[in-house]
């Protein structure tokens with residue numbers, strides 16, 4: 001028996017739209033974000049979710065509500081799980097993406113940035129750069145974030161051992177991308193896309209990737 005995790009990054013937010021870093025800072029969904037979440041809900045409308053978990057940030061909870069509003073099966077309660085929260089960017093929260101590169105070059109040098117970009121573990125390397133740039137903020141490193149997301153999903157999965165069920169998880173770009181990367185998944189260059197679903201199965205304590213950033217789901 002298998003627990004099927006449907007992993008979704010929240011819909012586009014105002015900070016996403018204006019290309020600003022968004023970790024623990026919350027921002028409302030844009031019209032595009034709402035529309036894409038609704039379309040995803042239609043694609044998932046015939047999948048019966050036994051449980052739905054989001055981070056404790058409003059953008060994931062709103063995305064989950066929109067997805068469930070299109071579902072033709074039962075309507076499970078949305079459970080807020082802090083372990084699914086995105087990494088904090090510390091003093092770089094809400095900084096424009098285009099300002100990050102010169103900032104990073106000044107603090108780290110071109111070599112470290114280039115090394116992270118070509119790393120086989122690109123997501124992990126990028127996460128670790130933020131901690132090096134802002135040591136005083138105590139930003140989680142890739143290992144800490146990986147432990148957090150794996151522990152959280154494992155704890156959820158263990159609750160349903162021996163059952164064949166579907167669970168919807170709505171979280172964030174970096175934390176979900178890192179989780180998939182650690183399972184030897186091919187994460188897109190710009191991370192998992194907003195309001196796009198990836199499936200990971202959990203069985204007897206093990207995770208297995210089924211698909212990544214899938215546009216359409218089987219009915």
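Just so it is clear, none of the values below were taken in a lab; they were calculated from the coordinates. Just so you know, these numbers come straight off a predicted model, no measurement behind them. No Cβ is skipped: glycine too gets one built from the backbone with ideal geometry, and neighbour counts run over all protein chains shown.
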Checklist entry - How many residues, within the range 44-89, are out of contact with any strand residue (DSSP E or B) (no Cβ under 6 Å at 6 or more places or on another chain) and buried (at least 19 other Cβ atoms within 10 Å of the Cβ)? => result 10
Next on the checklist: List the residue pairs whose Cβ atoms are under 9 Å apart, where the first residue sits in the range 98-119 and is in contact (Cβ under 8 Å) with a residue 60 or more places away in the chain, the second is assigned to a loop (DSSP other than H, G, I, E, B), and the two are 6 or more positions apart or on different chains.
Outcome noted: 98/19; 100/21
Item to check | When residues of the range 8-20 are limited to those that are touching a helix residue (DSSP H, G or I) at 6+ places or on another chain (Cβ under 6 Å) and surrounded by 23 or more Cβ atoms within 10 Å (Cβ to Cβ), the one farthest from residue 177 (Cα to Cα) | outcome: 13
Next on the checklist: Tell me the residue from 177, 146 that is within 25 Å of residue 37 (Cα to Cα), within 21 Å of the chain's Cα centre (by Cα) and surrounded by 14 or more Cβ atoms within 10 Å (Cβ to Cβ), please.
Outcome noted: 177
Item to check | Options 199, 112: the member that is in contact with a strand residue (DSSP E or B) (Cβ under 8 Å, 6 or more places away or on another chain) and either surrounded by 14 or more Cβ atoms within 10 Å (Cβ to Cβ) or under 30 Å from residue 45 (Cβ atoms) (or both) | outcome: 199
Checklist entry - Given the range 11-129, what helices (runs of 4 or more DSSP H) lie entirely inside it while holding 3 or more residues that are under 15 Å from the mean Cα position of the chain (by Cα)? => result 58-69
Checklist entry - Which pairs do you get when a residue that is free of Cβ contacts under 8 Å to residues at least 24 places away in the same chain, found in the range 1-25, comes within reach of a residue that is surrounded by fewer than 18 Cβ atoms within 10 Å (Cβ to Cβ), reach meaning Cβ atoms under 8 angstrom, with the pair 6+ apart or on two chains? => result 14/28; 17/32
